[in-house]
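For reference, the structure is listed below as structure tokens.
The values are calculated or read from the model by the stated rules, or taken from the named source; none is laboratory data. In this text the structure is predicted, and so the values were computed from the model without any measurement. So basically every Cβ, Gly included, is an ideal-geometry build from the backbone, and we count neighbours across all protein chains shown. To get the accessible areas, we keep the full protein, side chains included, count just its heavy atoms, and leave off ligands, DNA and RNA. Shrake-Rupley method; radii C 1.70, N 1.55, O 1.52, S 1.80 Å.
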Amino acid sequence: MLVKQLAHVPITDRQAMREGPRDSATHLRHAAAIPALGQIEIGGKASRANVGEALKVVAWNVERLRHVDAIARTLAGLAPEIVLLSEVDKGMARSGNGHPLSVLADRLGHAFAYGVEFVELAGGNEAERMATGEAANAEGFHGNAVTSGMPLLRPFLVRLDAAGGWFRPERGQPRIGGRMAIGGQVRIGDRRMTVVSVHLENRTDPAGRAAQTRKLLDAIDNYDPQAPVLLGGDFNTLTASHEERHDDPRAWMARVMAEPDRLIHAERHEPLFAALAERGYDWQAANNLDLPTQRRPAGTPVGRIDWFFTRGLAASAPAVLPAVLPDGSPSSDHDALTVTVRLK
């Protein structure tokens, strides 16, 4: 359902969800009762009626979009026609309890479509809760978005995960919802092109991410099987499960040291690449294959977990752009990706 404003979830309801049972069945009940999880918020205003034969696209996990001013300056300098965003807050204390996506879209002269990945029942991760103290979330929305300098047609949302793993007490970050993708279509030349912002789960294994990918590809084919497609976003190609990477850090580091390029050339360990190739998608021309996209403290292994995938398009000029504030500190924990696409 397309709306001008997502349906509010009262703070008393969010508090009751956080303080009540935290099992999978309860999660499914809560998720079914939250209208915002099935809505797409439409806003902004496209500044162009159409484009020619080529589109510049940026994909960026903006880590809450808390540094909207710096991110807006970076994007304005690139002047992309399309931006695919992951991890976008609305009404979260950790990002100022505002609507930074609306600010960003206005500065770019873009329309936007925004969908909720999670309704956050607390302040976020441990560092974010410490930073905001007892400040309450005005809305508690966290999700993904597409912005477009020209009209964004037929917006759609695909929910990729309903298991509710983040709702369980042991995660320490109670949320209702699951990973999702959001997309729509824009005109390129004389055709419509499908563009999709994707965010896959980090707290699963490669087989789980492949299953999410196949679900997304099925949804895209049902949406428009003929249109060329550009997928972009945070695919979390971490090459192992969360438990393998965190339960025994020394063992994980030994695996990475034994295969130093595994986190960059993730296709050997992530079957989602094979699933995409089987459906006609390519990534070779759309990405700088030897560059990481994560930003982590010095000494921490970093990988390439953000990607573009294309079908029916010719890609050129891929680049990885540093996510930095004017003082040199990060504006996000992911660098941005950009690529230019044309019809084949």
Given the DSSP H assignment, sum -39500 (n - 2.57) over each helix run of at least 4 residues in the chain and divide by its residue total; what's the result at 222 nm in deg cm²/dmol, nearest 500? -7000 deg cm²/dmol
If I ignore ligands, DNA and RNA and count only protein heavy atoms, how much of D106 is accessible to a 1.4 Å probe, in Å² to the nearest 10? 110
Whenever you get a sec, line up D247, D224 from highest to lowest accessible area (probe 1.4 Å, protein heavy atoms). D247, D224
Given 5 Å bins starting at zero, what is the percent of C-alpha pairs of the range 192-232 in each, up to the one with the largest pair distance? 6, 23, 28, 22, 13, 7, 2
Counting DSSP beta bridges with both partners in the chain, what percentage is antiparallel, nearest 5? 80
Ignoring ligands, DNA and RNA, please state the percent of accessible area on the range 2-343 from carbon and sulfur, probe 1.4 Å. 53
Quickly rank 129-137, 301-309, 211-219, 176-184 as a protection proxy: mean count of other C-beta atoms within 10 Å, highest first. 176-184, 301-309, 211-219, 129-137
Compute the Rg to Rh ratio over the range 2-343 from the alpha carbon atoms, using the Kirkwood formula for Rh, and round to two decimal places. 0.94
In whole Hz, the Karplus estimates of ³J(HN,Hα) for the range 234-248 (6.51, -1.76, 1.60; θ = phi - 60°; x where Gly or Pro) are 9, 8, 6, 6, 8, 6, 6, 6, 4, 5, 4, 7, 10, 5, 9
Show me, for the range 73-80, the HN-Hα J-couplings you get by feeding each phi into the Karplus relation (A = 6.51, B = -1.76, C = 1.60, θ = phi - 60°), rounded to Hz, glycine and proline as x. 5, 4, 5, 4, x, 7, 6, x
Taking placed amide H atoms and a strict 5 Å upper bound, the residues 5 or more places from H110 or on another chain that come that close are K45
Accessible-area order (highest first, 1.4 angstrom probe) of the listed residues H99, H246: H246, H99
For the range 264-325, accessible area per residue (1.4 Å probe, heavy atoms of protein chains only), Å²: 41
Solvent-accessible area per residue, Å², over the range 1-50 with all protein chains present [probe radius 1.4 Å]: 62
From most to least accessible, 1.4 Å probe, no ligand or DNA/RNA atoms counted, D333, D205 line up as D205, D333
Of the candidates V103, V58, V83, which one comes out as most mobile in a Gaussian network treatment of the chain with C-alpha springs shorter than 10 Å? V103
Heads up, I need the accessible area for S102: 1.4 angstrom probe, whole protein in place, Å², nearest 10. 40
Estimated dipole of the range 180-273 in Debye, rounded to 20 [Cβ of Lys and Arg +1, of Asp and Glu -1, Cα centre]: 240
Sequence neighbours fewer than 8 away in the same chain don't count; with that in mind, list the lysines whose C-alpha is under 26 Å from K45. K4, K56, K90
Long-range amide H partners of I40, meaning residues 5 or more apart or on another chain whose placed amide H is closer than 5 Å, are L2, V3
Karplus (6.51, -1.76, 1.60) ³J(HN,Hα), θ = phi - 60°, over the range 306-313, in Hz, Gly and Pro reported as x: 10, 8, 10, 10, 10, 9, x, 10
